[in-house]
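First comes the structure, then the notes that go with it.
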Amino acid sequence: MAIGRRDFLKSTATSLGGFAYLSASLTRPPDAPDKFEGTRVLGRTGIRLPIVSMGVMNTDNPQLVRAALEAGYVFLDTAQGYQRGTNEAMLGEILKDRPRDSFVIATKASLPKDQTTGGYGPDATEEAYTKKIDTSLKSLRLDYVDIYHHHGTWTRHATLHEPILSALQKAKKAGKIRWIGVSTHRNEPEVIDAATDSKIYDVVLPAYNFRQQHAAEIQKAIARAAAAGLGVVGMKSMGGNRGGAYASTQIDARACIKWVLQDPNVHTVICGFTTFDQMALDMTILKDLTLSAAERDQLRTASVDAGLYCQGCGGCTGQCAQGLPIPDLMRAHMYLYGYRNLVAAQDLVLSLALPRDVCGDCVACPVACANGWNLKNRVRDVVRLRDVPASFVA
Amino acid sequence: MKTRAWLRLALLGLMLWASPSLAAGAQPFAFPPVDGWTLAGQPQVFAPDTLYDYINGGSDLYLKYDFQELTVVEYRKDAMSVSAEVYRHRTPDHAFGIYSQERVPSAEFLAIGAQGYYENAVCNFIQRGYYVKLSGENTGAEDRAILLGFARRISETLPGPSALPEILSAFPAEGKKANAEKFIAKDFLGYGFLHAGFTADYDRSGRRYQLFAIVGDDAADTRAMLQQYLKQIKHEAPMAEGAYQVTDAYHGAMALFWKGRHIWGTIGLSDAELRAAYLKHFEGIATR
């Protein structure tokens, strides 16, 4: 039943020739010149990885994982929560027959958090988290995992939750995990900064994509993390459905992945492919990271279509009869509807010293937006935040 | 502080409620009262474009299973709490599909809805197009009884009756692992052109393999899928209903049987005699 490497390569529509070096490259010293395109060193871990990796969460197809490993994917990302542990178990079945130094694996777990504050309660103990780590090792049938992520935090406080950090540090010392990571899907800059400041985390795994209106802030936080020696793994490169009701454009996955990898501080991106063709196509990024003109157009169109990102072109400046700061208001709109951050949105709106009668007597809005947005409606929606008592959102 | 937190949550809920995608949908699930328990705040409702806000990256898999809407609430009684999540999917098969992805075969299975199970402060079940997930906190030794009580109460509120997909009963019983069948909604076998399929896991005398059934929209749809598949694996044979012995570079030797809307097959079964026996079984199913 085992599928030979030769068979695999023959069967793949896209030629994967030239990627055989990837597994061997794992042992290359981190300070060696990066003579091969397509690999980067994961910060102070020293692990050299292909810039595309496999996020296993969306598949329960073991043959896809096996084929990915045969094709040159090295780094697998899973989590204890994916399919209630069965994703880890599937990987355990696959990996038990492979040399331990032929792959790098990350998994992650969290403990229940208050969904409103993002903070942990008294039940989030070191013992509880240690059990999580042990459960992962058992499911994966491994003596150790390369990276164990504290999963899905979105506040500094939770990122630095002492019992969890203590559990992770003890597991590292005991050889159950090699490196400590943290994953974050929102408020990423705060989490990345906390991880950097902690001197405990070795790797960060943030959502990072072209659709995020705060991508520039994430980029800066990532740069600080990388400068401090942390490894940076990108995820959610396609941005999912984060555009909400405003988003409709489908976009080529490779364009999204390449966009993330234009940031040299991102060392690899986990790709959630579910077909053999997607797997092979994502691999082609190793040969050429360049964003084609068509891909750039796609990204530009999709980011505008996402409808929440003010490009800051300045085209609207000076057009409003009341002199409203339209780009600032659009940023507040993005805070509010893009990532549901009421506090940031209200703070920004209140800081703008807007006139009481926003839009005044204007019947038709004279401001033309380069994105074609209905600015009057957006302004109307967001300035209502002034009337929400601060005690509701603070 | 707590009040403000809930007001903030309520305001956020109001915003989500007002989103166009949600306004276009059906009424969210109305949680029933449960004796002795109070609802801690208003239910939160999530649509396909906001599910990420609740379960982050986990939303991808739910969207693959045509997730329509999630309603979440927390019940409280003294220090105990029960979180109740009701996911609505487009069809009962899709609800079964996501349930089957998360189902733990070693759990204690229950006759609630089409099927449910209890394990470690968690009770999940499916009923028609709904996937219900309950989890208890500080529920102590009574955890099982409490969660089963909630499950029954919510089940009474959902449309019924409900049963597991009928096609599962066509998989032969010998060697079949209990409660391990799955419905894969997309990219079946790792091929984008194959639509959805059902699988069942087998373990016979140490031989572990799967049987599957792909169900097309109609015979023409299934024929087109098979045609593309045979082209993909470079299997040259005239297209006709019946048995195929093929080799797939990723899955190895496989037996297939096509009839009408269905393609039945084996995965990971190297024993040629057993593959041939299953082909006869598939033929029997198909010609019933």
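The values are calculated or read from the model by the stated rules, or taken from the named source; none is laboratory data. Since the model is a prediction, treat every value here as computed from it, not as a measurement. Neighbour counts run over all protein chains shown; Cβ positions are idealised from the backbone, glycine included.
For a quick check of your reading of the model, give me the residue pairs whose first member lies in the range A:262-291 and is within 14 Å of chain B (Cβ to nearest Cβ) and more than 17 Å from B:LYS186 (Cβ to Cβ), whose second is in a strand (DSSP E or B) and among the hydroxyl-bearing types (Ser, Thr, Tyr), with beta-carbon atoms closer than 7 Å and at least 6 apart or on different chains.
What qualifies is A:VAL269/A:SER53; A:ILE270/A:SER53.
Filter the range B:158-179 down to the residues that are in contact (Cβ under 8 Å) with a residue 40 or more places away in the chain and outside any loop (DSSP other than H, G, I, E, B), then identify the one that is surrounded by the most Cβ atoms within 10 Å (Cβ to Cβ). Step through it out loud before you land on a result.
Just the residues of the range B:158-179 that are in contact (Cβ under 8 Å) with a residue 40 or more places away in the chain, to begin with: B:158, B:160, B:162-165, B:167, B:170-172, B:177-179.
After this cut, where a residue has to be outside any loop (DSSP other than H, G, I, E, B) as well, the list is B:167, B:170.
Numbers: B:ILE167: 17, B:ALA170: 19.
Ranking the candidates gives B:ALA170 first.
Quick grid of which residues meet (1) farther than 23 Å from A:GLU190 by Cα; (2) in contact with a helix residue (DSSP H, G or I) (Cβ under 9 Å, 6 or more places away or on another chain); (3) modelled with pLDDT of 85 or more; (4) not aromatic (Phe, Trp, Tyr):
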{"position": "A:ARG331", "(1), (2), (3), (4)": "no, yes, no, yes"}
{"position": "A:TYR337", "(1), (2), (3), (4)": "no, yes, no, no"}
{"position": "A:VAL343", "(1), (2), (3), (4)": "no, yes, no, yes"}
{"position": "A:LEU348", "(1), (2), (3), (4)": "no, yes, no, yes"}
{"position": "A:ASN374", "(1), (2), (3), (4)": "yes, no, no, yes"}
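Residues of the range A:151-187 being of a type in the set (D, E, K, R), at pLDDT 95 or above and closer than 23 Å to A:LEU336 by Cα, which ones?
As a first pass, look at the range A:151-187 and keep what is of a type in the set (D, E, K, R): A:156, A:162, A:170, A:172-173, A:176, A:178, A:186.
Checking the rest, the ones that are also at pLDDT 95 or above come to A:156, A:162, A:170, A:172-173, A:176, A:178.
Across the range A:151-187, the qualifying residue is only A:ARG156.
Which condition from (1) away from chain A (no Cβ under 14 Å); (2) assigned to a loop (DSSP other than H, G, I, E, B) is the one that B:ALA243 breaks?
Result: B:ALA243 passes all but (2).
Might you let me know whether the range A:118-126 holds any residue that is closer than 30 Å to A:ASP97 by Cβ and among the acidic types (Asp, Glu)? Steps first, answer last, please.
The initial filter retains those residues of the range A:118-126 that are closer than 30 Å to A:ASP97 by Cβ, namely none.
Looking through the range A:118-126, none of the residues is closer than 30 Å to A:ASP97 by Cβ and among the acidic types (Asp, Glu).
Would it be correct to say that A:PRO189 is touching an Asp or Glu at 6+ places or on another chain (Cβ under 6 Å) and within 14 Å of another protein chain (Cβ to nearest Cβ)?
Details: touching an Asp or Glu at 6+ places or on another chain (Cβ under 6 Å): yes; within 14 Å of another protein chain (Cβ to nearest Cβ): no.
It is false that A:PRO189 is touching an Asp or Glu at 6+ places or on another chain (Cβ under 6 Å) and within 14 Å of another protein chain (Cβ to nearest Cβ).
Would you call A:TYR120 among the aromatic types (Phe, Trp, Tyr) and closer than 30 Å to B:ALA79 by Cα? Let's see the steps before the verdict.
On the way: among the aromatic types (Phe, Trp, Tyr): yes; closer than 30 Å to B:ALA79 by Cα: yes.
In short, yes.
Rundown of residues vs (1) outside any loop (DSSP other than H, G, I, E, B); (2) closer than 30 Å to A:LEU69 by Cα; (3) not assigned by TED's automatic domain parsing to the domain that holds A:ARG66, yes/no style:
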position	(1), (2), (3)
A:THR107	yes, yes, no
A:PRO122	no, no, no
A:LEU137	yes, yes, no
A:TRP154	no, no, no
A:ASP197	yes, no, no
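Step by step: first the residues of the range B:246-288, then only those that are of a type in the set (Gly, Ala, Ser) and either part of a strand (DSSP E or B) or within 14 Å of another protein chain (Cβ to nearest Cβ) (or both), then the one that is farthest from the chain's Cα centre (by Cα). Which residue is that?
Within the range B:246-288, the match that is farthest from the chain's Cα centre (by Cα) is B:ALA272.
Answer yes or no: is there a residue in the range A:92-106 that is under 19 Å from A:LEU165 (Cβ atoms), out of contact with any Lys or Arg (no Cβ under 6 Å at 6 or more places or on another chain) and more than 10 Å from chain B (Cβ to nearest Cβ).
Our first condition is that a residue be under 19 Å from A:LEU165 (Cβ atoms); within the range A:92-106, this holds for A:106.
Next cut, out of contact with any Lys or Arg (no Cβ under 6 Å at 6 or more places or on another chain) only: A:106.
This time we only want the ones that are more than 10 Å from chain B (Cβ to nearest Cβ), so: A:106.
For the range A:92-106, residues under 19 Å from A:LEU165 (Cβ atoms), out of contact with any Lys or Arg (no Cβ under 6 Å at 6 or more places or on another chain) and more than 10 Å from chain B (Cβ to nearest Cβ): present.
Please list, ordered by residue number, the helices (runs of 4 or more DSSP H) wholly in the range B:59-157 having 2 or more residues that are at pLDDT 95 or above and either outside the structural domain of B:ALA40 (by TED's automatic domain parsing) or not charged (D, E, K, R) (or both).
Values: elements: B:59-64, B:92-102, B:143-157.
Helices (runs of 4 or more DSSP H) meeting the threshold: B:92-102, B:143-157.
Which of the residues that make up the range A:197-213 are crowded, with 20+ Cβ neighbours inside 10 Å, in contact with a helix residue (DSSP H, G or I) (Cβ under 7 Å, 6 or more places away or on another chain) and modelled with pLDDT of 95 or more?
Passing the criteria: A:TYR201, A:ASP202, A:VAL203, A:VAL204, A:PRO206.
List the number of the failed condition for A:ALA253; all other conditions in (1) closer than 29 Å to B:GLN232 by Cβ; (2) crowded, with 19+ Cβ neighbours inside 10 Å hold.
The one condition A:ALA253 does not meet is (2).
Taking only the range A:243-273 into account, find how many residues are at pLDDT below 90 and either acidic (Asp, Glu) or not assigned by TED's automatic domain parsing to the domain that holds A:LEU230 (or both).
Here the count works out to 1.
Rundown of residues vs (1) crowded, with 23+ Cβ neighbours inside 10 Å; (2) more than 13 Å from the chain's Cα centre (by Cα); (3) more than 27 Å from B:GLN232 (Cα to Cα), yes/no style:
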{"site": "A:LYS258", "(1), (2), (3)": "yes, yes, yes"}
{"site": "A:GLN262", "(1), (2), (3)": "no, yes, yes"}
{"site": "A:THR268", "(1), (2), (3)": "yes, no, yes"}
{"site": "A:ASP277", "(1), (2), (3)": "no, yes, no"}
{"site": "A:ASP282", "(1), (2), (3)": "yes, yes, no"}
{"site": "A:ILE285", "(1), (2), (3)": "no, yes, no"}
{"site": "A:ASP288", "(1), (2), (3)": "no, yes, no"}
{"site": "A:LEU291", "(1), (2), (3)": "no, yes, yes"}
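So A:THR12 fits all but one of (1) touching a Pro at 6+ places or on another chain (Cβ under 9 Å); (2) at the interface with chain B (Cβ under 10 Å from one of its Cβ atoms); (3) modelled with pLDDT under 80; what number is the exception?
Here A:THR12 meets the rest and fails (1).
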